[in-house]
Amino acid sequence: MTEGGAVLAVVPTLGERVDTLGPALASVRAQEGVRTTLVVVVPPAAEEARRIAAEHGAVVIDDPKRGLSAAVNAGIAAANGETYFSWIGDDDELHPGGLATLVGLLESDPGAVVAFGACDYMDDRGQVFAVSRAGRWARRVLAWGPDLIPQPASLTRLDAMRSVGPYDEGLRFVMDLDMFLRLRKHGRYVSTQARVAAYRWHPDALTVANRGVSIAEAEGVKRRHLPSAVRPLARLWERPVRLAINVVSTRLSKRARKRRA
């Protein structure tokens, strides 16, 4: 067990993906070298999901039924002395040693508030077909380009999050982008090329199935974080960024379908 702060790991779920929820929770429970508190936020009526959460020794919190951001906020409210925070979807997975790797990055740099690593993209069957390794470029383009920081492969200091406030419950898709932009003012971002998590890319994924709406929401969030004098110029780069995101997303979807075929 490494010394240093513990991790609050939150998994929000509607209980509709019980086939992947178990592996997601197991991947958190399997983390070695770091103390981890697992919290599952789930509707009271999702009995099977609640049973699976209990089997994995999770703290079970009722879903407030106000969307994903509210569910994550509810999980954070269950913190009990942890130093770091992470959340993953009910169909994502952490790689063995992933959290310890990220904790090590933050422990070695007290001025850093976010650590992130490389993230695998896996298809419906759990087969990896691509890897996101943006590294330092992710923070550099965050304010105007695509959000290249993979949420499942990231870790944040809880005290920094409390300083900037909870996730914006008015956002449906890009609450992570908004949080990352707010956290930039409170410290450095550190990264590793090590693969620390996996994100499941499939047609039912929230941002994949609603790409156009997600992009528009992201543009609005990035504009409000720009200096007021620069905001009118945002349209100059929004269109090429939008095109790039659509091209990359289409290619990833094609690769995922080929793996499935």
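Below, the figures for the structure above:
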item	result
Cβ-Cβ under 9 Å pairs, at least 6 apart or on other chains, the stretch 150-166 side at negative phi, far side of a type in the set (K, R) and in a strand (DSSP E or B)	A153/R195
Test: residue in the stretch 173-182 that is in contact with a Phe, Trp or Tyr (Cβ under 7 Å, 6 or more places away or on another chain), farther than 22 Å from S69 by Cβ and in contact (Cβ under 8 Å) with a residue 12 or more places away in the chain	no
Tabulated pairs, the stretch 47-65, first closer than 13 Å to T13 by Cβ, second polar (S, T, N, Q) and at pLDDT 95 or above, C-beta under 6 angstrom, 6+ apart or interchain	A49/T13
Residue within the stretch 135-154 that is surrounded by 22 or more Cβ atoms within 10 Å (Cβ to Cβ) and over 16 Å from the mean Cα position of the chain (by Cα) present	no
Subset of the stretch 213-233 (residues that are farther than 13 Å from G145 by Cα and modelled with pLDDT under 90)	V213, S214, P227, S228, A229, V230, R231, P232, L233
Tally of residues being in a helix (DSSP H, G or I) and of a type outside the set (D, E) across the stretch 93-110	9
Some residue of the stretch 200-208 being buried (at least 17 other Cβ atoms within 10 Å of the Cβ), in contact with a Phe, Trp or Tyr (Cβ under 7 Å, 6 or more places away or on another chain), aromatic (F, W, Y) and on the phi < 0 side of the Ramachandran plot	yes
Residue within the stretch 29-37 that is touching a His at 6+ places or on another chain (Cβ under 8 Å) and at pLDDT 95 or above present	yes
Every pair of residues 6+ apart whose Cβ atoms lie under 6 Å, when the first sits in the stretch 229-254 and is of a type outside the set (A, V, I, L, M) while the second is surrounded by 10 or more Cβ atoms within 10 Å (Cβ to Cβ)	R231/R223; W237/W144; E238/E219; R242/I215; S249/R211
Residue match in the stretch 113-126 (condition: touching an Asp or Glu at 6+ places or on another chain (Cβ under 9 Å), among the aliphatic types (A, V, I, L, M) and over 20 Å from G187 (Cα atoms))	yes
For I88: the one exception among (1) within 20 Å of D19 (Cα to Cα); (2) modelled with pLDDT of 95 or more; (3) surrounded by fewer than 20 Cβ atoms within 10 Å (Cβ to Cβ); (4) aliphatic (A, V, I, L, M)	(3)
Filtered residue count, the stretch 39-56, keeping only those that are in contact with a Lys or Arg (Cβ under 7 Å, 6 or more places away or on another chain) and either of a type in the set (A, V, I, L, M, F, W, C) or loosely packed, with under 12 Cβ neighbours inside 10 Å (or both)	1
Verdict on A118 being over 21 Å from A6 (Cβ atoms), part of a strand (DSSP E or B) and at pLDDT 95 or above	yes
Those helices (runs of 4 or more DSSP H) lying entirely in the stretch 122-222 with at least 3 residues under 20 Å from D92 (Cα atoms)	175-183, 206-209
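The values are calculated or read from the model by the stated rules, or taken from the named source; none is laboratory data. In this text, all values refer to a predicted model and were calculated from it rather than measured experimentally. Cβ: placed from backbone, ideal geometry, glycine included. Neighbour counts: every protein chain shown.
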